[in-house]
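Heads up: the structure comes next, in structure tokens.
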Amino acid sequence: MNLPAAPGNTGSPGVERLPLIVMPLIIVTRMRFVRWTVAVTLVWGCCLLNARAGQAHFAASAQRQPVLVELFTSEGCSDCPPADALLAQLDSAQPFAGAEAIVLSEHVTYWNHQGWRDPFSLDTIDLRQQQYARQFALSDVYTPQIVVDGTEQFVGNDAAHLARAVVQAAGTAKPELSIENARVEADGSVEFSVHAASGAKGSLFAALAQNATTSIVARGENAGRTLHHVAVVRAIKEFGGKATDGRQLRLSGAQIAGADNSATPFRLVVFMVNGWNGHVTAVAEAILKAPVSTASAQPGR
């Protein structure tokens, strides 16, 4: 899918790279957002039909393989809202037979100097994306960017590429990870344990994500827009290769301790990464109730 390139940008269509020289007019940006939203929706629908047609080899009762889909995004990037919407559609529709997309919205900080500070941006996300840039031999980082199972990266609003990547990743079986005894404490931190099936190898990572967020952007490239995100990472940590033996683990979530969480659950996503090539070898998700000492975990979808 070739989407219109943003004014002042060079390189791949639909990609914003730093430095950004020209700030588009708000009215032009809004018109472009509507056009891109329509384009993404139409192409996404075609991709779903094509992907479903090509999945006859999956039995209706086949177990769905979990696939980790990471979106690097920013509220300060005018090319990112269509990618945010695409990720939300994938998360809610789960349209691919045999695939269970486990999604994460990972907000970078390097757009914060453009007039709007993304309230969900984290330095740790910058470092994670930089690691991917080295892994994929990219000349620089960019938004929006999607990485599927640590094996493939592409422009985050490319619906056709996303469909192909998720279906392909689901064709590789992963050993099972189980999340146990997960609870959210009053300070926003999460305590849990993880057991891995035999054959699971790699270093364990855990991410705590808000299920859904909404922001009214007052300044910057997205000024005047109300932006919606799903599975917004608020904390992420590497626990190492020996952390899947059922020991108690703790993930700090100070960023969400003061949020209004009465109606919005959280997601605990754990995944194992091959240290040699960066590929995700196993992944699981649990839905957590409001952060109180008695909160419990429910299995992911």
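Read-outs throughout are calculated quantities, based only on the coordinates presented, and are distinct from any laboratory measurement. Note that this is a predicted model, so its numbers are computed, not measured. A quick note on method: Cβ atoms are made from the backbone with ideal geometry, for glycine too, and the neighbour counts reach across all protein chains shown.
Here are the numbers:
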| quantity | calculated |
| --- | --- |
| Under 20 Å from the Cα of K237 - lysines, other chains or at least 8 residues apart | K201 |
| Packing-based ranking, highest mean first, of 219-227, 279-287 given that Cβ atoms within 10 Å are counted | 279-287, 219-227 |
| T214-A133 pseudo-label distance in nm [points 7 Å out on the Cα-to-Cβ vector] | 3.4 |
| Karplus-derived HN-Hα couplings along the stretch 81-95 (A = 6.51, B = -1.76, C = 1.60, θ = phi - 60°), whole Hz, x at Gly and Pro | x, x, 5, 4, 5, 5, 5, 5, 5, 4, 5, 7, 7, 6, x |
| Highest to lowest packing among 67-79, 154-166, scored as the average C-beta count within 10 Å | 67-79, 154-166 |
| Other-chain or far-sequence residues with amide H under 5 Å of I102's (modelled H) | V67, L68, V69 |
